Number of protein chains: 2
Amino acid sequence: MEKQRKRAPSARSLQTKARILDAAEQLFAERGFEGASLRDIAALAGVQVGLVHHHGGGKEELFHQTVTRRADELAALRLTELEALKQSGDVTLRGLLDAFMRAYVTLARNGGAHWQHYGRLVAHVSADPRWRPLAAECFDPTANRFIEEILALYPAAERQAAATGQVYSVAAMLAFLNTGWRIEALSPGAAEAQVDQLIDFCTAGMEAILSPGPTCT
Amino acid sequence: MEKQRKRAPSARSLQTKARILDAAEQLFAERGFEGASLRDIAALAGVQVGLVHHHGGGKEELFHQTVTRRADELAALRLTELEALKQSGDVTLRGLLDAFMRAYVTLARNGGAHWQHYGRLVAHVSADPRWRPLAAECFDPTANRFIEEILALYPAAERQAAATGQVYSVAAMLAFLNTGWRIEALSPGAAEAQVDQLIDFCTAGMEAILSPGPTCT
DNA sequence: CCTTATTTTGAACGATTGTTCAATCTAAAG
DNA sequence: CTTTAGATTGAACAATCGTTCAAAATAAGG
């Protein structure tokens, strides 16, 4: 059903598409799906409206591509971190959460604005029930991969508990990314310490869920 | 500047306004601010378009009212729970998080659809940076109230740590409410146990942040 | 170089948006 | 009951929306 190309896309065309996706990423993140118009996106990308439709294939398709582009990249990054952890020898719960979060969070904080926009974009995707299939497609595979590693560490734990802890951890991570301006304003500079704090929170919370009963006191 | 009323609103008028706010609450929650049109809201409420504008005072004002209506009610509910806890004598970290979460979460699960819609609505408000002032107005007072109680329990902890833990806890709670259909599908029926699990997660995570160093092992 | 698939432009389409307004109905106040 | 502020209707407003399309510019393939 899909019509195949007869020519390779030019370098300029690829650049244009990337520029359109970047603009869409920023505006979808700031204003949500219907809040960002194709005309605003086109203006930010420096192209004509019709061209956005040509490269994006409709607004919904454009949104889909905008999310999956970074989601795929992020999934690969996380699996790389996981692989490095497993080869290091000592796989701990904290190590797993570290592999899942630190690289991404650091990118969103110190890296370009792209990952910061993506964080807000994910928040919109998670908030709107209409994007549930998209969220499942983008996030579930990697999440399930980490859940299995967690279950290998805690053989007595139920899968439901690990999945729940994973959901809560992702939520806390997104809150860290999207309200970071607030935490940052309260104690500036200590970026690395705040990442540790996030992982502390999730590790302790996950542990409490995985091994029931009073663990501390 | 505000023109004062010269007559009391009729009972029917109050009913209509409530019906409009309910419809707005549902559609704003499902599709976001620009995703829900005033005409859809009017149709769901069974009134004319102009009437929505008359009672809401513009779309932005309507959104504002929709959020604050339940936010005020929820803030009162949480402060009541907090007062009951303080009068019970033993104020613990778990008790504080329980007072903050259980009543609301139970309402959203077992109560009418209104609180379920409100949960999704808060997710939209939190995801969109344009509603930051609204979020601060609605959520900060109550949040700060609980943060102070937490700091009274942990005098050595820094305020930033308590505030961060509060943000993460709220994020986990919203994730529980808005992805509950997923958790529910995995292990149906155990509603109360899942609330305990949520509070377990947040309590352990908060404790890990408030008192640094290896608390368990 | 020549052909033509692809990219890009510019303008238009109908549909929907939030808002406004005069007319009509309702019911609170005197 | 009479008065009239307020609630409700129905229709219209200009603006913006996503989409479509023919024509021009670009560049890959032979």
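Report yes if A:Gly89 is more than 8 Å from DNA strand D (Cβ to nearest atom), farther than 21 Å from A:Asp140 by Cα and open to solvent by less than 40 Å² (accessible area, probe 1.4 Å), otherwise no. No, not satisfied.
Answer yes or no: is there a residue in the range B:154-177 that is at pLDDT below 95, more than 7 Å from chain A (Cβ to nearest Cβ), open to solvent by less than 40 Å² (accessible area, probe 1.4 Å) and within 17 Å of B:Ala71 (Cβ to Cβ). Yes, the range B:154-177 contains a residue that is at pLDDT below 95, more than 7 Å from chain A (Cβ to nearest Cβ), open to solvent by less than 40 Å² (accessible area, probe 1.4 Å) and within 17 Å of B:Ala71 (Cβ to Cβ).
Restricting the range A:24-58 to residues that are closer than 17 Å to A:Gly119 by Cβ and aliphatic (A, V, I, L, M), which is farthest from DNA strand D (Cβ to nearest atom)? Here the residue is A:Ala29. In the range B:40-65, the qualifying residues are those that are crowded, with 16+ Cβ neighbours inside 10 Å and within 14 Å of chain A (Cβ to nearest Cβ), and the one that is farthest from DNA strand C (Cβ to nearest atom) is B:Phe63. Screening A:Thr66, A:Thr92, A:Thr80 for residues that are within 30 Å of B:Leu177 (Cβ to Cβ) and of a type in the set (Ser, Thr, Tyr) leaves exactly one candidate, A:Thr66. All conditions but one from (1) open to solvent by 30 Å² or more (accessible area, probe 1.4 Å); (2) in contact with a helix residue (DSSP H, G or I) (Cβ under 8 Å, 6 or more places away or on another chain) apply to B:Ala136; the one that does not is (2).
Of all the numbered requirements in (1) modelled with pLDDT under 95; (2) among the small types (Gly, Ala, Ser); (3) not assigned by TED's automatic domain parsing to the domain that holds B:Ser169, B:Ala103 misses one, and that requirement is (3). Listed by position, the helices (runs of 4 or more DSSP H) enclosed by the range A:73-184 that each have at least 2 residues that are within 27 Å of B:Arg31 (Cβ to Cβ) are A:113-127, A:132-153, A:159-178.
The values are calculated or read from the model by the stated rules, or taken from the named source; none is laboratory data. All figures in this text were calculated on a predicted structure; none of them were measured in a lab. Quick reminder, even Gly has a Cβ in these numbers, built from the backbone with ideal geometry, and neighbours come from all protein chains shown. To get the accessible areas, we keep the full protein, side chains included, count just its heavy atoms, and leave off ligands, DNA and RNA. Shrake-Rupley method; radii C 1.70, N 1.55, O 1.52, S 1.80 Å.
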